[in-house]
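Some notes on the structure that comes next.
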Amino acid sequence: MELESKLESVFGHREFRPGQREVIGILLEGRPALAVFPTGAGKSLCYQLPALQLEGLTLVISPLIALMKDQVEALAARGVAAARLDSSLEAGEVRKIYDQMGGNALKLLYVAPERLANEGFLAKLRKTRIDMIAIDEAHCISEWGHNFRPDYLKLGNLTRALGVKRVLALTATATPRVAEDICDHFGIQREDHVHTGFRRENLVYRVTPCAAGARRETLLARLRARPPGPAIVYVTLQQTSEEVAGFLAKEGFRAKAYHAGLPDDYRHEVQDAFMAGEIEIVVATIAFGMGIDKADIRYVYHYNLPKSLENYVQESGRAGRDGLESVCEILACGDDRIVLENFVYGDTPSAQALKSLVEHLLLQGDEFDISRYELSGSKDIRPLVVATALTYLELGGVIEAKGPFYGSYRFQFVEPMERVLAGHTEERKSFLEELFKTARKGRAWWTVEVASAAQEIGEPGDRVQRALNYLADLGEIILQPSGLRHAYRLRPEHPRNLAQIVEELSSLFARRESGEIARLERVLAYCETKDCLPRHLLAYFGEEMEEDCGTCGNCLGEGAQGERDLPCSLSDAPTLEQVEVMRSVVDENHTALRQPRQLARFLCGITSPAASREKLSRHDAFGALAKVPFQSVLAQAESMVL
């Protein structure tokens, strides 16, 4: 009864939702568990409530800063000792949280998975009693899952290294194969996999085949014909977000665009206005909605095809959390397939790029540090793909991570330098004088390069860092770190066979590529079927419905029985005119476009570090073949580029 009492007194609920009590029981018995609950079904309570029953810390690993912030604020309002560590915090705030960890003053600590690559933070964790680890969006650890994040791959090893047996993996989107992968990673018994089912009877699903040029008017007709209510319209591209939001605003709707390219302050304003009901419609890329807790969203429209059925379930699941009927509709156009496929193919690095990357690492010496940003630019591989390659090399035993650190600092004096120096002992004053001499003075900021400063004054780099942070803590300087670097060492026991390492890396990236394409194929199959839509969705996630829903568009007879092809106006190969555009770009001999894959990415409108550095996204031919399949463009590029 103690659990039920805290459920009501702390969280304000009189009874558990389906699956919650079972998961909490498994954890309190000291075993790991997997909770696969639909979006909005109360996954967070499954670790928040047992955390109050345990003596030590519950570490929560979450990929979303906004979600961490919201949950910590909600817990604090309920009197629960919770904190978050993320990149938005000042150094003083981080040290305060470290002190709370050391004093066993926290019940829950939220961190991003990338924080676990910080050796200093790991050292703190090893000294802290951790009774439970909760891992949100746990499907990210699986190569068969969507929304893959390389740092998630290390979490299984981390939980074992910390000796934490009570692990809760949480996700709203796991196919049977992904669920099995998660269980294997964390040693979860199959009977401790709690799955409440994805079926939400208040969601009404629709698929409307729609030609590209007809989508705006179709969306407008839907919005006018249906009762008013909060709506999210999901699109693929930032430009589409702006265009559709502008169109709806002109038609009299309170609509705003939301995407990652907008300023942070503006995005927060849009989200807050939507939550408060001041904005009726948000036209957004998938940057919007993660962790959003608005119960009365009546409509979720997919103006463009979703990347996967997992994405679709997650995004459409933001509708109708109040239990009232809500509509989830896809305006399905076959043209979207090419854009989505092109992004998948464009992310896959070439064998030449991977060889150059691995060769660079193997020549660095037994211990080295690199800037992922600089490596991304020099090898023309996107930063996330560089991070993924490095993680694969770690898991393959080629390298070992030693943690991130900042290579440089900018600072401003709050008081005159002479007054700052006067407040210290003679030994420290002498050290600081030598340190300040190494700094490069700009108009408002001084810059210290840690490695060169340490070498110049004959002191360890960590003393330089400690001194600057100490002055910042005293309020004598304003300090800004920059130049993030990651330290590694080559594993001496690994045979450094360049060809073999590159072949294994290429195979891993090729497997991820084929997995993403297969997920897109399942989206197309869903949009083309005339079977019951919820039944089709549930079958993908390993569930069966005894009978058709009777409420979706297909069950209501919207269209003929059997399969249907989606409208598509695009060709499968470049036209003669497009080939001429390709040839003219090749003749310009851009350094960033010398490899066939580089050229294909550019022509398909996919940015890359090298092309961005040369400002080629402003070139007239950038994206000239965005509506041609990437593989066709690549084949043509291979015939042109030697």
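Whether any residue in the stretch 328-345 is of a type outside the set (A, V, I, L, M, F, W, C), surrounded by fewer than 16 Cβ atoms within 10 Å (Cβ to Cβ) and either within 30 Å of residue 486 (Cβ to Cβ) or touching a strand residue (DSSP E or B) at 6+ places or on another chain (Cβ under 9 Å) (or both) is what I want to check.
Here is the first cut: in the stretch 328-345, the residues of a type outside the set (A, V, I, L, M, F, W, C) are 329, 334-337, 341-342, 345.
So of that shortlist, the ones also surrounded by fewer than 16 Cβ atoms within 10 Å (Cβ to Cβ) come out as none.
No, every residue in the stretch 328-345 fails to be of a type outside the set (A, V, I, L, M, F, W, C), surrounded by fewer than 16 Cβ atoms within 10 Å (Cβ to Cβ) and either within 30 Å of residue 486 (Cβ to Cβ) or touching a strand residue (DSSP E or B) at 6+ places or on another chain (Cβ under 9 Å) (or both).
Could you list, ordered by first residue, the pairs with Cβ atoms under 8 Å in which the first is in the stretch 379-392 and in contact (Cβ under 8 Å) with a residue 24 or more places away in the chain and at positive phi and the second is of a type in the set (Ser, Thr, Tyr) and surrounded by 20 or more Cβ atoms within 10 Å (Cβ to Cβ), at least 6 apart or interchain?
380/608
Check off (1) touching a strand residue (DSSP E or B) at 6+ places or on another chain (Cβ under 9 Å); (2) within 30 Å of residue 108 (Cα to Cα); (3) not in a strand (DSSP E or B) for residue 194 and give me the number that stays unchecked.
Residue 194 satisfies all of (1) touching a strand residue (DSSP E or B) at 6+ places or on another chain (Cβ under 9 Å); (2) within 30 Å of residue 108 (Cα to Cα); (3) not in a strand (DSSP E or B) except (3).
Please specify each residue of the stretch 422-445 satisfying the condition of being more than 29 Å from residue 124 (Cβ to Cβ) and crowded, with 16+ Cβ neighbours inside 10 Å.
Within the stretch 422-445, 436, 438, 439 meet the criteria.
Taking the stated definitions as given, is residue 552 assigned to a helix (DSSP H, G or I) and touching a strand residue (DSSP E or B) at 6+ places or on another chain (Cβ under 6 Å)?
For residue 552, the condition - assigned to a helix (DSSP H, G or I) and touching a strand residue (DSSP E or B) at 6+ places or on another chain (Cβ under 6 Å) - is not met.
Please enumerate the residues belonging to the stretch 568-590 that are part of a loop (DSSP other than H, G, I, E, B), farther than 27 Å from residue 304 by Cβ and free of Cβ contacts under 8 Å to residues at least 24 places away in the same chain.
589, the sole residue that qualifies.
Among the residues of the stretch 457-476, is there at least one that is in contact with a Gly (Cβ under 6 Å, 6 or more places away or on another chain) and under 29 Å from residue 150 (Cβ atoms)?
no
Kindly indicate whether any position in the stretch 125-132 is acidic (Asp, Glu), closer than 30 Å to residue 102 by Cα and either assigned to a loop (DSSP other than H, G, I, E, B) or outside the structural domain of residue 466 (by TED's automatic domain parsing) (or both). Give the steps one after another, and end with the answer.
Within the stretch 125-132, the first condition is being acidic (Asp, Glu), and the residues that meet it are 131.
Next, only the ones that are closer than 30 Å to residue 102 by Cα stay: 131.
Still in the running and either assigned to a loop (DSSP other than H, G, I, E, B) or outside the structural domain of residue 466 (by TED's automatic domain parsing) (or both): 131.
Checked the stretch 125-132: at least one residue is acidic (Asp, Glu), closer than 30 Å to residue 102 by Cα and either assigned to a loop (DSSP other than H, G, I, E, B) or outside the structural domain of residue 466 (by TED's automatic domain parsing) (or both).
Taking the stated definitions as given, is residue 455 closer than 30 Å to residue 381 by Cα and among the polar types (S, T, N, Q)?
Spelling it out, it is not the case that residue 455 is closer than 30 Å to residue 381 by Cα and among the polar types (S, T, N, Q).
How many residues, within the stretch 466-518, are without any contact (Cβ under 8 Å) to a residue 12 or more places away in the chain and part of a helix (DSSP H, G or I)?
Number of matching residues: 8.
From (1) free of Cβ contacts under 8 Å to residues at least 40 places away in the same chain; (2) of a type outside the set (Phe, Trp, Tyr); (3) surrounded by fewer than 20 Cβ atoms within 10 Å (Cβ to Cβ), pick out the condition that doesn't hold for residue 82.
Of the numbered conditions (1) free of Cβ contacts under 8 Å to residues at least 40 places away in the same chain; (2) of a type outside the set (Phe, Trp, Tyr); (3) surrounded by fewer than 20 Cβ atoms within 10 Å (Cβ to Cβ), the odd one out for residue 82 is (3).
Inside the stretch 404-460, can you point out the residues that are under 35 Å from the mean Cα position of the chain (by Cα) and either of a type in the set (Lys, Arg) or not assigned by TED's automatic domain parsing to the domain that holds residue 475 (or both)?
410
Regarding the stretch 446-455, can at least one residue be identified that is within 21 Å of residue 374 (Cα to Cα) and surrounded by fewer than 12 Cβ atoms within 10 Å (Cβ to Cβ)?
No: the stretch 446-455 contains no residue that is within 21 Å of residue 374 (Cα to Cα) and surrounded by fewer than 12 Cβ atoms within 10 Å (Cβ to Cβ).
Could you count how many residues in the stretch 170-191 are surrounded by 21 or more Cβ atoms within 10 Å (Cβ to Cβ) and not in a loop (DSSP other than H, G, I, E, B)?
Residues in the stretch 170-191 being surrounded by 21 or more Cβ atoms within 10 Å (Cβ to Cβ) and not in a loop (DSSP other than H, G, I, E, B): 7 in total.
Let's see how each residue does on (1) surrounded by fewer than 21 Cβ atoms within 10 Å (Cβ to Cβ); (2) small (Gly, Ala, Ser):
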| position | (1), (2) |
| --- | --- |
| 245 | no, yes |
| 255 | no, yes |
| 260 | yes, yes |
| 263 | yes, no |
| 266 | yes, no |
| 277 | yes, yes |
| 282 | no, no |
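Which ones in the stretch 49-64 are in a helix (DSSP H, G or I) and under 18 Å from residue 74 (Cβ atoms)?
Of everything in the stretch 49-64, those that are in a helix (DSSP H, G or I) and under 18 Å from residue 74 (Cβ atoms) turn out to be 49, 50, 51, 52.
Looking only at residues in the stretch 12-48 that are among the basic types (Lys, Arg) and in a loop (DSSP other than H, G, I, E, B), which one is surrounded by the fewest Cβ atoms within 10 Å (Cβ to Cβ)? Before you say what the answer is, go through the steps one by one.
Quick first cut of the stretch 12-48, residues among the basic types (Lys, Arg) only: 14, 17, 21, 31, 43.
Pick out the ones that are also in a loop (DSSP other than H, G, I, E, B) and you get 14, 17, 31, 43.
Values: 14: 7, 17: 15, 31: 16, 43: 25.
For the stretch 12-48, the residue satisfying everything is 14.
For the stretch 293-327, which positions are of a type outside the set (Gly, Ala, Ser) and either outside the structural domain of residue 231 (by TED's automatic domain parsing) or out of contact with any strand residue (DSSP E or B) (no Cβ under 8 Å at 6 or more places or on another chain) (or both)?
Hits for the stretch 293-327 are 293, 294, 296, 307, 309, 310, 311, 313, 314, 321, 322, 324.
Got at least one residue in the stretch 454-465 being in contact (Cβ under 8 Å) with a residue 60 or more places away in the chain and assigned to a helix (DSSP H, G or I)?
Start the filter on the stretch 454-465 by keeping residues that are in contact (Cβ under 8 Å) with a residue 60 or more places away in the chain, which leaves 465.
Filter again for assigned to a helix (DSSP H, G or I), leaving 465.
Yes - at least one qualifying residue is present in the stretch 454-465.
If you scan the stretch 613-623, which residues turn out to be surrounded by 15 or more Cβ atoms within 10 Å (Cβ to Cβ), out of contact with any Cys (no Cβ under 9 Å at 6 or more places or on another chain) and within 15 Å of residue 580 (Cα to Cα)?
Within the stretch 613-623, 621, 622 qualify.
Give the residue, chosen from 168, 155, that is modelled with pLDDT of 90 or more and assigned by TED's automatic domain parsing to the domain that holds residue 43. First the steps, then the outcome.
Numbers: 155 fails: modelled with pLDDT of 90 or more.
Checking each option against the conditions leaves just 168.
From the set of residues in the stretch 133-151 that are surrounded by fewer than 23 Cβ atoms within 10 Å (Cβ to Cβ) and acidic (Asp, Glu), which is modelled with the highest pLDDT?
151
The values are calculated or read from the model by the stated rules, or taken from the named source; none is laboratory data. Treat the numbers as computed from the prediction; the structure is a model and nothing was measured. In this analysis, Cβ positions are derived from the backbone assuming ideal geometry, glycine residues included, and neighbour counts consider all displayed protein chains.
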